[in-house]
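Notes for the one structure printed next.
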Amino acid sequence: MTAPNGSQKTYAVNVNRAALGGNNNLSGLTVSPGTLSPAFTAARTAYAVNNAGSSTTSILVTAAPQDSSATVAINAQGGNARSIPLPGGPSSTEIEVLVIAPNSTDKTYLITVNQPAPAAPPAPASAPDLITEDDSCEPGIPDPAVCAPGTSNVDNVTNVNTPRFRVPQPAAGETPSLYVDGAEVSANFDQGANTLAPTAALNDGVRTITSTVTNTATTLESAQSPSLTVTIDTNAPGN
């Protein structure tokens, strides 16, 4: 300071800055879908996610630092939350969550997302059912729609060599297949009636009929359904 008479005095101000914080811990770490294993604690840096699902295509990672001045990067991308793509099972995907304290010290949390191999759909719960219209009987008189005495349209004996079999309704994304004597045969599926019919004539004789379903996305096929025994007899009474 300079007075009017020219005398001067100097004042000194010392600014003491506190050291930058070194807290590079997280206060929370979550994923969606799935859960961390073991449960999150700030001191633990390695986690697994074992329940993300085989067909899950992405996982959202959210990380909250204990020090709001710390910065977070997830797979080298800044931000406290990020959606990470997943390839689908079977696979393991590693995700790095980097926390940088204000004083530049850092800590890395590692998440390993384990996706199992896709599972085949469950087998159809019931056996194929030969529809009544293709289960042969001797037409009645005077009503041909009624079976004559001594014949039946529920005995699984048919003179139709490409008979129709009703199967349980497939789930969304599933297609049914027909098996004869343990071997898959080409068949037409009537979605409205839920029936399968072989495209080629079956030989006369006793046949074991089963069905399966296939997941069209994964091409995985179920086990075969319970079986139906059918007799193909082209000389049997006609409808």
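The values are calculated or read from the model by the stated rules, or taken from the named source; none is laboratory data. No experiment lies behind these values; they were computed from the predicted model shown. Here the Cβ positions follow ideal geometry from the backbone for every residue, glycine too, while neighbour counts run over all protein chains shown.
Give the residues of region 1-40 that are at pLDDT 95 or above, loosely packed, with under 11 Cβ neighbours inside 10 Å and either more than 23 Å from SER92 (Cα to Cα) or not small (Gly, Ala, Ser) (or both), sorted by residue number. Passing the criteria: only PRO38. Scanning region 161-176 for residues being outside any strand (DSSP E or B) and either among the hydroxyl-bearing types (Ser, Thr, Tyr) or in contact (Cβ under 8 Å) with a residue 60 or more places away in the chain (or both) gives a total of 3. The set of residues in region 199-239 that are closer than 30 Å to PRO118 by Cβ and in a loop (DSSP other than H, G, I, E, B) comprises THR199, THR216, ALA217, THR218, THR219, LEU220, SER222, ALA223, GLN224, SER225, PRO226, SER227.
Return the residue satisfying two criteria in turn: it lies in region 157-179 and is more than 30 Å from the chain's Cα centre (by Cα) and buried (at least 18 other Cβ atoms within 10 Å of the Cβ), and of such residues it is nearest to THR212 (Cα to Cα). Of everything passing the filter in region 157-179, ARG164 is nearest to THR212 (Cα to Cα).
Residue check: is ASP106 in contact with a strand residue (DSSP E or B) (Cβ under 7 Å, 6 or more places away or on another chain) and more than 30 Å from ASN156 (Cα to Cα)? Don't jump to the end; show me each part of the working.
On the way: in contact with a strand residue (DSSP E or B) (Cβ under 7 Å, 6 or more places away or on another chain): yes; more than 30 Å from ASN156 (Cα to Cα): yes.
So ASP106 fits the description; yes.
If you go through region 193-239 and keep only what is over 22 Å from GLY150 (Cα atoms) and surrounded by fewer than 14 Cβ atoms within 10 Å (Cβ to Cβ), you end up with ALA193, THR199, ALA200, ALA201, ASN203, THR216, ALA217, THR219, ALA223, PRO226.
Applying the criterion of being touching a Ser or Thr at 6+ places or on another chain (Cβ under 6 Å) and over 17 Å from ASN24 (Cβ atoms) to the residues of region 51-64, the residue that is surrounded by the most Cβ atoms within 10 Å (Cβ to Cβ) is THR62.
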